[in-house]
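Engineer: This is the structure I want to talk about, given as structure tokens.
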Amino acid sequence: MRQVWVVLRREYIERVKTKGFIIATIAMPVLMIGLIGLSAFLSIQAERSERDLALVDLTGQLGETVAAGLEAVGYDVELVDSDVGLQEMDRRVTEDEIEAYVVLDDLTIQEGTFAYRGNEAPGRVRAALFENVVVETVLELRLSFAGNTAGLRELLAGGRLSFESLGEEQSEMERVSGIATGFAGAFLLYFTMLFYGAYVLRSVLDEKRNRVVEVVVSSISPWRLMLGKILGVGSMGLTQVGIWVGCAALIGLLGIPMIAANWPAVDVGELSQLMPGAGSLGLLLVFFLLGYFLYSSLFAAVGAMCSTEEEAQQAQFPVMMLLIIPFILQMTSIEGSGLPWMDWAALFPFFSPIMMYPRAVVGAVPWWMVATSMVLMAAALIGTAWVAGRIYRVGILMQGKRPTLRELVRWIKQA
Amino acid sequence: MTEHAVQLSGVTKRFGEHTAVADFDLQIPRGTILGLLGPNGSGKTTTIRMIMAILLPDRGTVELLGGSPDFARRNRVGYLPEERGVYEKMKVLEQLVFLGELRGMTRQIVRRRAMEWLERLGLEEWANKKVQQLSKGMQQKVQFIGTVLHDPDLLILDEPFSGLDPINQDVLESIVREQQDKGTTILFSTHLMDQAERLCERVCLISRSRKVLDGNLKELKRRERTGTIAIEFEGDDTWLARLGITNPQRVDDAYHIEAGRGVEPDRLLAVAVAERVMLRRFELLEPSLHEIFVRHAGQPDPEPALGVAGGVQ
Ligand SMILES: Nc1ncnc2c1ncn2[C@@H]1O[C@H](COP(=O)(O)OP(=O)(O)OP(=O)(O)O)[C@@H](O)[C@H]1O
Ligand SMILES: [Mg+2]
């Protein structure tokens, strides 16, 4: 066991020391947050900079409501008297007194069209907001002729299904949170298994290529070497994901009060419900560990079979497929569930991390299925590790061309 | 403890159609230095890899330090593979510490020993540099340190001298000698006959996958004598002519008289004394290892291993 520890520590330290790790772990999240913040800041700035806008209402029925509506979404609009005349308004625009103005006329009441006159076309956000406000106002006006405005509005909005749970109480927010957590978790599981698996493959291949392995396996059994390697890369992965999750939690903890302070309209209670709970994080850890060991032993076996980078690129394809297929299936059922047969596909151990985790978090499958998938994964892990260990043991000392399938079987059977 | 550090019997290894090592027997008594010689592709590396259990023989048995080559036994071997391998991204000292710890040494002890060795091989300033910053020869020295770090009972070195400059070759040679003085058994393969001649107590010559010669170097040389006599003397060589030796071969000041001229050494000596020749040298010539190598390895179809195992005359 001491030997496993020695290998593990080497693998861990050598990896954590690299620039790549530091960049990926610390710089990336910081950069991402920075970028998101910056772009949000810039777009707000851009929208706020020139805001001298005017509104001409030729109908005499919409002006005030529209102006108030625009004000509510942040636009200071001067409601101009309709006597001023459009020529005068055009002059104001060309002489840069105002940026643009909006004209509401009869057509607006009939079909919701209206003119936005300026030198530059409005940005997408602005156009959408304006349209929204105008249409709302017009609808309101026209519905008021028909009576029972509220009911008609609901109907126009397309009706609404309301879920009435017969099981445990699950609020809408909890459901959304589950979907988000499941989605993010599936994503995280996919990428970590892919990347950390590739690290294991690379590590095995390098050791084999530069022949250090010949010296190393004269002291330590290949099985322990493989175990140490997988544990080492896994610890590195846990460190990395731990830092990320920690960062995210910190942002959540600091960010929610900040939002509460700056945007009183946002319901903070609801927002905090969106944060994943400890239960789903614990479940993520279990699925990560099982999935990572499952896949990294496969990747280790692939690394041991190959002698060159190119060979490895090809040989890892089937393993990648095992990862990509559930990922694609999962993407088609973001809401956590999907077609019924997918729930059963999620029981397949190699698919379970990506497909069962989101289902478990959303509560789309009964708990016994989640438990079964874990048991199946553990069983698959034992089998896979056994086979991979045998391939690894023979493979790392073989030079030359990649083994055929029949040779592989012989390696596995070899005492 | 058995008396043999390595014992191979009837070992055969095939790669597809090609037989790399055929029916190979070898015993290395503890405490000796054995040189494994042979042309390129004759099966030296394959043999060594089988001793280290990196390859498994198709037939025959391998015994290492008195038993099957398990991890406990292989851990008492220092092995320098033919293809040099190092963790290029690691620092020199860390790499050595890793190897030492793998073999069960504590961190402090490996550290101290590794530093001592690095100093000895003139690498102390490189201890905290990455291995990839070192030249190839320097990397090889680091790797060599890795093989002796844990005071092994047996050193197996596959072409340890290749790629080293003459000074480092001498350093390595003296280290090998020193290890032997401590009782370590040493098996090394080489293409440098001078080195082998100087270092080896025993040699084993492989050619075309088969053992051709094996035995104590001195005895081997004696056995490989061709009967040529080298003599040097003052004065003219007319007395040789009277013995019926015409046109003797001259090598520097010496006359080389091959066997088969019908002159026995004792008769030649008796005549020389009787003729009052001023002899300066009279020697039954022994072939150099180089000559032995060429003679046996160069044969188009070498006979299967001559029965000289153990160095019997
Ligand atoms: N992994 C392998 N696969 C196929 N053939 C091999 C393999 N390893 C060695 N051989 C063959 O076995 C023979 C013996 O090779 P080996 O490496 O033992 O020679 P060697 O005596 O060490 O030669 P050199 O002096 O060049 O190092 C060669 O003909 C080689 O082609
Ligand atoms: Mg060789």
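The values are calculated or read from the model by the stated rules, or taken from the named source; none is laboratory data. Since the model is a prediction, treat every value here as computed from it, not as a measurement. Cβ coordinates were reconstructed from backbone atoms using ideal geometry, including for glycine residues, and neighbour counts include every protein chain displayed. We work out accessible area using only protein heavy atoms, side chains counted, and drop any ligands, DNA or RNA first. Shrake-Rupley method; radii C 1.70, N 1.55, O 1.52, S 1.80 Å.
Engineer: Tell me the relative contact order for the range B:226-284 as a rounded percent, counting alpha carbon contacts under 8 Å between residues six or more apart.
Structural biologist: 58
Engineer: Which of the residues in the range A:219-251 lose at least 20 Å² of accessible area when you go from the chain alone to all protein chains together (probe 1.4 Å)?
Structural biologist: Hits at the 20 Å² cut-off: A:SER219, A:SER221.
Engineer: By per-residue mean of other Cβ atoms within 10 Å, what is the highest-first order of B:98-107, A:139-148, B:119-128?
Structural biologist: Packing order, densest peptide first, comes out as B:98-107, B:119-128, A:139-148.
Engineer: For the range B:200-283, report the accessible area per residue in Å² (1.4 Å probe, heavy atoms, rounded to an integer).
Structural biologist: In whole numbers, the range B:200-283 has 55 Å² accessible per residue.
Engineer: What number, in percent, do you get for the relative contact order of chain B if the mean sequence gap of Cα pairs under 8 Å and at least 6 apart is divided by its residue count?
Structural biologist: 20
Engineer: Then there's this: How big is chain A by the Kirkwood estimate over distinct Cα pairs, in Å?
Structural biologist: 26.4
Engineer: Next question, about the same structure. For the range A:280-329, which whole-number percentage of the solvent-accessible area (1.4 Å probe, protein heavy atoms only) is attributable to carbon and sulfur atoms?
Structural biologist: 80
Engineer: Could you work out which residue, out of A:ALA150, A:ALA278, A:ALA312, moves most in a Gaussian network model of chain A, that is, has the largest mean-square fluctuation with Cα springs under 10 Å?
Structural biologist: Evaluated over chain A, the most mobile residue of the options is A:ALA150.
Engineer: Starting from the residue with the highest accessible area, list B:PHE282, A:PHE130 in decreasing order, probe 1.4 Å.
Structural biologist: B:PHE282, A:PHE130
Engineer: When the solvent-accessible surface of protein heavy atoms is calculated with a 1.4 angstrom probe, in what order do A:TRP344, A:TRP368, A:TRP411 fall, highest first?
Structural biologist: In descending accessible area the options line up as A:TRP344, A:TRP368, A:TRP411.
Engineer: Hey, got the average number of other protein chain Cβ atoms within 10 angstrom for residues in B:51-62?
Structural biologist: Average neighbour count from other chains, rounded to a whole number: 2.
Engineer: At a 1.4 Å probe radius, carbon and sulfur cover how many percent of the accessible area of the range B:4-221?
Structural biologist: 46
Engineer: Between A:GLU131 and A:VAL84, what is the FRET efficiency for a Förster distance of 30 Å, r being their Cβ-Cβ separation, to the nearest 0.05?
Structural biologist: Efficiency computed from Cβ-Cβ geometry: 0.80.
Engineer: Which one of A:PRO29, A:VAL302, A:GLY400 is farthest out on the positive end of the charge dipole of the protein assembly as shown, using unit charges on Cβ (Lys, Arg +1; Asp, Glu -1) and the Cα centre as origin?
Structural biologist: A:GLY400
Engineer: Could you compute how much accessible area chains B and A hide from each other, both sides summed, with a 1.4 Å probe? Nearest 100 Å² is fine.
Structural biologist: For B against A, buried area totals roughly 2300 Å².
Engineer: If you don't mind, another one. Ignoring ligands and nucleic acids, what accessible area does B:LYS129 show with a 1.4 Å probe (Å², nearest 10)?
Structural biologist: Accessible area of B:LYS129: about 80 Å².
Engineer: Could I ask something else about it? Per residue of chain B, what 222 nm ellipticity follows from adding -39500 (n - 2.57) for every DSSP H run with n ≥ 4, rounded to the nearest 500?
Structural biologist: Mean residue ellipticity at 222 nm (helix-derived): -9500 deg cm²/dmol.
Engineer: Now, a different point. Using a 1.4 Å probe and ignoring any ligands, DNA or RNA, find the accessible area of B:TYR255 and quote it in Å² to the nearest 10.
Structural biologist: Approximately 10 Å² of B:TYR255 is accessible to the 1.4 Å probe.
Engineer: Let me ask you something else. As an exercise, use a Förster radius of 30 Å and the Cβ-Cβ distance of A:GLU95 and A:GLU71 to find the FRET efficiency, rounded to the nearest 0.05.
Structural biologist: 0.75
Engineer: Could you work out the relative contact order of chain A, using alpha carbon pairs under 8 angstrom and six or more residues apart, expressed as a whole percent?
Structural biologist: 19
Engineer: How crowded by other chains is A:204-216, given as the mean number of beta carbons from other chains within 10 Å of each beta carbon?
Structural biologist: 5
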